[in-house]
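The values are calculated or read from the model by the stated rules, or taken from the named source; none is laboratory data. All values derive from a computational prediction rather than experimental measurement. Note that we place each Cβ from the backbone using ideal geometry, even for glycine, and neighbour counts take in every protein chain shown. Keep in mind that these areas ignore ligands, DNA and RNA; they rest on the heavy atoms of the full protein, side chains included. Shrake-Rupley method; radii C 1.70, N 1.55, O 1.52, S 1.80 Å.
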Amino acid sequence: MTDDPRPAQLRRMKAIALAMLLAMVAGFVLSHAMGNRGAWAWVAAFCEAATVGALADWFAVVALFRRPLGLPIPHTAIIPRNKARIADSLAAFVRDHFLEPQTLLARLEVFDPATKLGEWLSRPEQSQKLAQMARGWMLQALDLLDERAVRESIQRFVIARLRSWDAAATAGEVMGLLTADGRHQALLDEALTRLARYLDGEAVKRRASALMVKHARREWPKLVGTVNWIKPVEGIADNLAERIAHAMLDELNEILSQPRHPIRRDYERWLRDYVERLRGDPALAAQVERIKQNLIDHPSVQDYVRGLWDQIHAALRADLENADGTLAGHLQRSLAGLGQALGRDPALREAINQHVLGGAEKLALRLRGGVTDYIAQTVKGWDERHLVRQLELSVGRDLQYIRFNGTLVGGLIGLALHALIVFLDSA
C-alpha cells in the first residue's frame, strides 16, 4: 500500500504561501528602510497591501478548520463547531438528490436498465464471467451446507415433512386425477394388453403345462399311469395349457372390445369407492398413516435420506468444480439467451423496466429515512480532529491558492491605490 501523497503536497503549498507572506513583509520593511521614496514607495504600497491580503486570507482559510493561533475568536473553527449541522445537511442532500423517488425513477428511465442488461449479457465474455461468478457462489453455499449441524437440520426437516404429509389424502387426489377423463380405463386396457401378450407366450404355456403335469403326478399317480398308457400326460397338459391360454385371451379380448363389460364396471366401481375412502375414510387414512410412519422409522429409509443428501452434495460439487460443467454451461446459455431475448423483445424490456422502476421506488421510499439517519449519525460520530484532518487533506491544497491570490490581488490593489494617491497629489 503506497503512502498518501496529500500531506506532503499540503505542507508544500502552505510553505509556499508562508514564503510569499514573509517576502511581502520583508519587502515592506526594506522599502521603509530605503526611505519609502521613488520606486521604493511603489514597492512599499504593493508589499503592504499584499501582506494585509495574505494575512486576511490565511485567517479565512484557517478559520474553516480551527481557531487561528488558538484564540477564541467568534465564528472560527467553523467545520468542527458545526459538525452536527453539516451531518444533517449532508444527509438531507443525499436524501433529496439521490433517494428522491421521482428523481431516481427519472434517471433510471433514461438509463433503460433492461436494454443495458441485454447488451451486457449478449457479450459471451460477460455471460461467461457471470456464470463463473455464480458457480463460485454456489460452491461457497455448498461448503456452508456441508456443516454437520446444517446436514442434520436438513435431515430433520425432510423427516418432519414426511411425517406431517397426509399420504392418504395425497393418494386420493393423485388417483382422482388418474381416473379423470377415463384415464384409468386406458390404464386397464394397457394392463390387459400386456397380460394377453404374456399369456400368449410359448414360455408361459410350457411352464403352465409343466406345473399341471407335476401336480397331476403328485395328486393322482395311478390315474396318470393309466393315462400314460393311453396318451402321454405331457401332451394332455400341453393341450390343456393351450386351451386355457386361448380361453383367457378370448376373455381379455372381449373385455378390451366392450366399454361396458361387467369387469370394467366392477373395476370402475371399486376404484371410485377406493378413491372416496382415501379422501374421507378415517380407518383407511389411519392404516395408510401407520404404513407411512413405519416406512419412515425403518433404518433403511433413514440411511437412504442421509445418503441421498451425500449423493446430491457430491454430484453438485463435482459439477460445479468443473468450469465446463453442466450447471455452468446451462447457466451461461440461459444468461446469453436472456440477453438475446431482451435485444429483440420490446415487451420483455418494457416489463423488466417496469419491475425495476417499481422496485426502485419502493426501495427508495423504504431507505430514505434509514439512510438519512445513518449518514447523519455516522458523521456526528466522527472524531472532530479526524474529520478536520480528512477535509483539510482533501481541499486544503486548493484553499492555499486563496492565500496566493490574496497576496497578489492585495499587492495589485495597493499599487492601484498608490497610483490614485500620486494622481490626486499631482492634481
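What tally of residues in the range 280-311 results from selecting those that are under 41 Å from the mean Cα position of the chain (by Cα) and in a helix (DSSP H, G or I)?
Step one: list which residues in the range 280-311 are under 41 Å from the mean Cα position of the chain (by Cα), which gives 289, 292-311.
Those still in the list that are in a helix (DSSP H, G or I) too: 289, 292-297, 299-311.
Result for the range 280-311: 20.
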Worksheet, complete the sentence: Apart from one, (1) in contact with a Lys or Arg (Cβ under 7 Å, 6 or more places away or on another chain); (2) open to solvent by 30 Å² or more (accessible area, probe 1.4 Å); (3) more than 30 Å from R368 (Cβ to Cβ) all hold for R95; the odd one out is (3)
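Going through the range 359-386 one residue at a time, which ones are more than 36 Å from the chain's Cα centre (by Cα) and part of a helix (DSSP H, G or I)?
The first filter runs over the range 359-386 and keeps only residues more than 36 Å from the chain's Cα centre (by Cα), leaving 383-386.
Scanning the range 359-386 gives E384, R385, H386.
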Item to complete: Please work out if A131 is farther than 29 Å from A376 by Cβ and either touching a strand residue (DSSP E or B) at 6+ places or on another chain (Cβ under 6 Å) or open to solvent by less than 50 Å² (accessible area, probe 1.4 Å) (or both).
Response: yes
Worksheet entry | First in the range 14-37 and open to solvent by 60 Å² or more (accessible area, probe 1.4 Å), second anywhere and of a type in the set (F, W, Y) and part of a helix (DSSP H, G or I), Cβ under 6 Å, 6 or more apart | M34/W40
Worksheet entry | Hits in the range 57-88 - residues which are surrounded by 13 or more Cβ atoms within 10 Å (Cβ to Cβ) and among the small types (G, A, S) | A60, A63, A77, A87
Worksheet item: Out of (1) in contact with a Gly (Cβ under 6 Å, 6 or more places away or on another chain); (2) open to solvent by 60 Å² or more (accessible area, probe 1.4 Å), what's the single condition that is false for R306?
Response: (1)
Worksheet entry | Close pairs (9 angstrom Cβ cut-off, 6 or more residues apart or separate chains): assigned to a helix (DSSP H, G or I) in the range 69-98, open to solvent by 50 Å² or more (accessible area, probe 1.4 Å) and aromatic (F, W, Y) anywhere | K83/W382; A87/W382; A91/Y374
Worksheet item: Based on what the data block shows, is L363 modelled with pLDDT under 85, surrounded by 14 or more Cβ atoms within 10 Å (Cβ to Cβ) and closer than 30 Å to A91 by Cα?
Response: no
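Would you check if there is a residue in the range 46-55 being under 29 Å from A360 (Cβ atoms) and of a type in the set (D, E)? Show your work before the answer.
At the first step, the residues of the range 46-55 found to be under 29 Å from A360 (Cβ atoms) are none.
There is no residue in the range 46-55 that is under 29 Å from A360 (Cβ atoms) and of a type in the set (D, E).
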Worksheet item: When A323 is evaluated against the numbered criteria (1) of a type in the set (G, A, S); (2) closer than 30 Å to W120 by Cα; (3) in a helix (DSSP H, G or I), which criterion, by number, is the only one it fails?
Response: (3)
Discussion item. Whether any residue in the range 138-149 is closer than 16 Å to L342 by Cβ, in contact (Cβ under 8 Å) with a residue 12 or more places away in the chain and open to solvent by less than 100 Å² (accessible area, probe 1.4 Å) is what I want to check.
Written reply: no
Discussion item. When you check V43 against the structure, is it closer than 24 Å to W382 by Cβ and either crowded, with 16+ Cβ neighbours inside 10 Å or among the aliphatic types (A, V, I, L, M) (or both), yes or no?
Written reply: no
Item to complete: Filter the range 111-125 for residues that are farther than 11 Å from N353 by Cβ and open to solvent by 80 Å² or more (accessible area, probe 1.4 Å) and give the result.
Response: E119, W120, R123, P124, E125
